[in-house]
Amino acid sequence: MDRITNIFAAKKPLVIFTSVGYPTEEQCEKAVCAAIDKGADIIELGVPFSDPMADGPVIAAASQVALQGGMTLNKVIAFAARIRARYPKVGLILFSYMNPLLHLGYENVCAQLAAAGVDGILPVDLPLEEREELLAPARKHGLHIIPLVSPLTPEERVAQIVEGMTGFVYYINVAGVTGARNELPPDVAEHIAMIKRHTSLPVAAGFGIASAEAAHAAATAADGVISGSGFVKATSESVEAAAEFTAELLRGIK
Amino acid sequence: MNTHYGIYGGQYVPETLTGALRELEKTYLAAREDLAFRAELNDLLVHYVGRESPLYYAKRLSEHLGGARIFLKREDLNHTGAHKINNTMGQALLAQRMGKKKLIAETGAGMHGVATATVAALFGMECEIFMGSVDVARQAPNVDRMHALGATVRSIDEGGATLKDAMNAALRVWASCSDTTFYLIGTAAGPYPYPMLVKDFQSVIGKETRKQCLEMCGRLPDEVVACVGGGSNAIGMFAGFEDTPEVLRVGVEAGGLGIATGQHAASINGGKVGILHGMKAYFLQDENGQMLDTYSVSAGLDYSGVGPEHCYLADQKLARYVVANDDEAIAAFDALCRYEGIIPALESSHALAYAIREAPKHDKDHIIVVNLSGRGDKDMDNIRKYREVISKRLSKCAST
């Protein structure tokens with residue numbers, strides 16, 4: 001079994017998103033290591049992009065800072081390789097807008113990611129209609145493409161989205177952009193149950209999760225819990241805050 | 001439906017927006033075949049917008065240049081002062097059909113913002129316009145017009161704070177409220193079906209031009225010219241001449257301070273294939289695939305991408321894409337004011353600059369039609385500032 005499948009088979013994993021290079025490359029790396037040491041199971045490595053149109057203010061601002069600090073996709077891949085060398089078992093997913101991938105070349109980027117020990121790619125702006133162009137090179141190099149499902153996705157489309165995919169399904173809890181919310185919408189469990197009627201893949205829930213309570217609610221409904229903006233915010237405060245944030249979410253999941 | 005133009009176009013959007021795009025496509029494809037929809041749109045274009053817009057022979061300018069005859073397609077005479085309303089009227093009717101309560105739009109020069117605020121007022125809809133803070137400052141008269149029409153103007157400070165950033169902000173907001181809100185894209189860009197919609201609603205420009213030129217000159221023009229930012233007025237003009245390869249179609253991009261300086265907005269002439277705003281197209285970007293901020297004296301052309309069909313037409317050499325720099329556009333602006341008594345928008349002045357450059361190379365049997373996409377009232381402040389900068393530079397040169 002591949003790494004991601006193994007992780008989901010063993011437990012309900014905590015998936016942590018980080019905007020690589022924020023606030024600095026060094027602090028980000030320490031925060032990611034601290035999160036893994038605390039028990040985070042999968043890390044989504046966010047590639048900063050000049051035009052993060054699916055992101056809320058926290059991650060959008062973090063992207064801008066990371067870019068000003070000189071972060072690039074090549075450096076994110078090197079970052080991933082360092083994390084992989086230190087943590088053979090953690091799941092690593094590249095979270096990216098399409099343009100940096102297209103610019104480096106899909107074949108090239110997939111080969112480099114596989115060599116760095118990355119498990120998959122989560123392309124933010126690549127829906128079902130366009131995914132074929134990235135799917136072929138990703139498969140060739142043994143990378144998952146993580147499909148996204150939103151609360152607005154109708155059931156027949158869910159069936160098409162999950163068809164033939166590997167890894168896990170990312171369920172977006174709320175229609176909108178990334179960022180913490182006060183509480184999860186009440187229909188998360190219902191949507192995830194619907195997705196699971198069409199796939200045996202695990203379904204992880206993300207968007208708006210930044211507290212033990214929200215993590216608990218998400219873990220009740222889903223096979224895994226994803227948190228982004230909250231971790232990014234904590235990382236900018238200190239490595240300790242990032243570790244404590246991770247620990248809080250883990251308390252909610254257990 | 002074919003959602004691509006060669007390799008360009010497509011629907012590169014987050015999953016959350018795909019449903020809204022499907023709903024829009026479905027509504028539009030049905031409306032397009034509906035005689036009542038077309039009649040309603042046509043009636044509004046005639047009685048509200050003031051179509052058809054004249055084709056005018058710029059005799060004094062042509063004689064001054066001493067070559068080709070230059071004709072102007074007077075989109076500046078439309079209600080709201082630009083071609084933008086052809087499209088906002090069509091899309092607002094679609095929004096009505098879909099039962100949406102609110103219109104949101106991005107705007108650069110503010111002409112699309114004004115045209116959107118106008119149709120929102122006309123149909124009694126709520127309206128919010130996203131505009132980069134740089135553009136809010138340099139297009140203040142249009143911000144006032146939007147306010148007067150009852151729209152909210154949201155000033156966007158991210159990135160270069162121009163059109164690209166306004167579009168990011170509009171897309172973000174749309175993702176959370178697409179059930180009640182219609183995103184009215186103003187340029188021939190964005191995810192499918194927008195490029196198709198905008199082209200269809202703007203094609204009235206090309207169709208009228210073709211008919212008018214035949215009536216006035218007894219033949220088709222040799223060249224049709226339009227400025228290209230995202231490319232809505234150009235694609236509308238080009239649409240009238242798709243089956244006539246003998247008519248050269250020319251798009252003029254904003255060269256800013258010159259392509260070599262990097263300070264420009266010429267995506268086709270100076271960009272690479274990329275993905276943003278839901279489409280694959282040419283974008284100005286750095287060596288790491290990050291989008292670059294653009295520069296042009298004209299806010300309406302200040303966009304790092306360009307509509308997907310233009311990319312296809314450029315690759316296939318079905319249309320020609322050239323560049324006019326700031327200084328050429330300003331000179332063309334002056335020439336039209338002085339020789340014809342027409343104050344053109346700085347955007348349209350780029351298309352004029354090409355015609356002024358080319359006309360002397362031909363004789364008077366050569367007909368060039370320039371799409372005068374908008375009027376220049378909004379630009380008076382920019383023109384004054386531009387002249388101040390130049391005169392400072394000149395006096396510096398003189399004193400050293």
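The values are calculated or read from the model by the stated rules, or taken from the named source; none is laboratory data. In this text, all values refer to a predicted model and were calculated from it rather than measured experimentally. All Cβ positions, glycine included, derive from the backbone under ideal geometry; neighbour counts span all protein chains shown.
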*Take the stretch A:136-149 and flag every residue that is within 19 Å of the chain's Cα centre (by Cα) and either within 14 Å of chain B (Cβ to nearest Cβ) or not aliphatic (A, V, I, L, M) (or both).*
A:139, A:142, A:144, A:145, A:146, A:147, A:148, A:149
*Report whether or not residue B:82 is closer than 25 Å to residue B:170 by Cβ and at pLDDT below 95.*
no
_Would you confirm whether or not the stretch A:110-119 contains a residue that is part of a helix (DSSP H, G or I), hydrophobic (A, V, I, L, M, F, W, C) and within 16 Å of the chain's Cα centre (by Cα)?_
yes
*Pull up the stretch B:291-336, narrow it to residues that are under 30 Å from residue A:67 (Cβ atoms) and of a type in the set (Phe, Trp, Tyr), then point me to the one that is farthest from the other protein chains (Cβ to nearest Cβ).*
B:321
_Matching residues in the stretch B:106-152 - criterion: being more than 12 Å from residue B:378 (Cβ to Cβ), touching a Gly at 6+ places or on another chain (Cβ under 6 Å) and of a type in the set (Gly, Ala, Ser)_ = B:121
*Count, please, the residues in the stretch B:293-308 that happen to be at pLDDT 95 or above and either under 21 Å from residue A:127 (Cα atoms) or over 18 Å from the mean Cα position of the chain (by Cα) (or both).*
3
*Inside the stretch B:362-400, can you point out the residues that are surrounded by 21 or more Cβ atoms within 10 Å (Cβ to Cβ), within 27 Å of residue B:186 (Cα to Cα) and not small (Gly, Ala, Ser)?*
B:368, B:369, B:370, B:371, B:372, B:375, B:378, B:379
_Going residue by residue through the stretch A:169-177, is there one that turns out to be surrounded by fewer than 19 Cβ atoms within 10 Å (Cβ to Cβ), at pLDDT 95 or above and under 20 Å from the mean Cα position of the chain (by Cα)?_
no
*In the stretch B:351-378, what residues are among the basic types (Lys, Arg) and not in a helix (DSSP H, G or I)?*
B:364, B:375
*Give the stretch B:105-124 a look and list any residue that's crowded, with 24+ Cβ neighbours inside 10 Å and assigned to a loop (DSSP other than H, G, I, E, B), or say none.*
B:108, B:109, B:110
*Look at the stretch B:290-348 and say how many of its residues are farther than 25 Å from residue B:143 by Cα and of a type in the set (S, T, N, Q).*
3
*Would you please name the residue that is nearest to the chain's Cα centre (by Cα), looking only at residues in the stretch B:360-396 that are modelled with pLDDT of 95 or more and aliphatic (A, V, I, L, M)?*
B:372
*Counting only residues that are within 14 Å of residue A:29 (Cα to Cα), within 14 Å of chain B (Cβ to nearest Cβ) and either assigned to a helix (DSSP H, G or I) or of a type in the set (Phe, Trp, Tyr) (or both), how many does the stretch A:64-97 have?*
5
*Output for the stretch A:121-135, where each listed residue is more than 8 Å from chain B (Cβ to nearest Cβ) and assigned to a helix (DSSP H, G or I)*: A:132, A:133, A:134, A:135
*Residue satisfying condition, being surrounded by fewer than 20 Cβ atoms within 10 Å (Cβ to Cβ) and of a type in the set (Phe, Trp, Tyr), within set B:321, B:354, B:312*: B:312
_Consider the stretch B:215-224. How many of its residues are under 14 Å from residue B:365 (Cα atoms) and in a helix (DSSP H, G or I)?_
2
*asked:* Suppose we keep only residues that are within 14 Å of chain A (Cβ to nearest Cβ) and of a type in the set (A, V, I, L, M, F, W, C) within the stretch B:258-279. Which one would you say is nearest to residue B:195 (Cα to Cα)?
replied: B:279
_residue B:251 vs. criteria more than 12 Å from chain A (Cβ to nearest Cβ), touching a helix residue (DSSP H, G or I) at 6+ places or on another chain (Cβ under 6 Å) and either at positive phi or not β-branched (Val, Ile, Thr) (or both)_ = yes
*Is it true that residue B:236 is within 18 Å of the chain's Cα centre (by Cα) and surrounded by 24 or more Cβ atoms within 10 Å (Cβ to Cβ)?*
yes
_Top-ranked residue in the stretch B:280-290 [being of a type outside the set (Gly, Ala, Ser) and within 17 Å of the chain's Cα centre (by Cα); ranked as nearest to the other protein chains (Cβ to nearest Cβ)]_ = B:283
*asked:* I'm trying to understand the selection: among the residues of the stretch A:103-120, which are more than 11 Å from chain B (Cβ to nearest Cβ) and of a type in the set (A, V, I, L, M, F, W, C)?
replied: A:110, A:111, A:113, A:114, A:115, A:116, A:118
*What residue, of B:24, B:29, B:17, is out of contact with any Phe, Trp or Tyr (no Cβ under 6 Å at 6 or more places or on another chain), more than 10 Å from chain A (Cβ to nearest Cβ) and buried (at least 21 other Cβ atoms within 10 Å of the Cβ)?*
B:24
*Hand me the list of helices (runs of 4 or more DSSP H) wholly inside the stretch B:133-208 holding 2 or more residues that are in contact (Cβ under 8 Å) with a residue 60 or more places away in the chain and within 30 Å of residue B:55 (Cα to Cα).*
B:140-148
_helices (runs of 4 or more DSSP H) enclosed by the stretch B:1-99 - at least 1 residues per element that are β-branched (Val, Ile, Thr) and under 19 Å from the mean Cα position of the chain (by Cα)_ = B:84-97
*Take the residues in the stretch A:47-63 that are over 19 Å from residue B:161 (Cβ atoms) and assigned to a loop (DSSP other than H, G, I, E, B), then tell me which one is nearest to the other protein chains (Cβ to nearest Cβ).*
A:54
*asked:* For the list (1) modelled with pLDDT of 95 or more; (2) in contact with a helix residue (DSSP H, G or I) (Cβ under 9 Å, 6 or more places away or on another chain), I need the number of the one condition that residue B:316 fails.
replied: (2)
*Hey, any hits in the stretch B:276-287 for a residue that's of a type outside the set (A, V, I, L, M, F, W, C), at pLDDT 95 or above, buried (at least 22 other Cβ atoms within 10 Å of the Cβ) and at positive phi?*
yes
*Have a look at A:116, A:78, A:138 and point out the one that is small (Gly, Ala, Ser) and surrounded by fewer than 17 Cβ atoms within 10 Å (Cβ to Cβ).*
A:78
*helices (runs of 4 or more DSSP H) completely within the stretch A:150-251 that count 1 or more residues being without any contact (Cβ under 8 Å) to a residue 24 or more places away in the chain and away from chain B (no Cβ under 14 Å)*: A:188-196, A:229-237
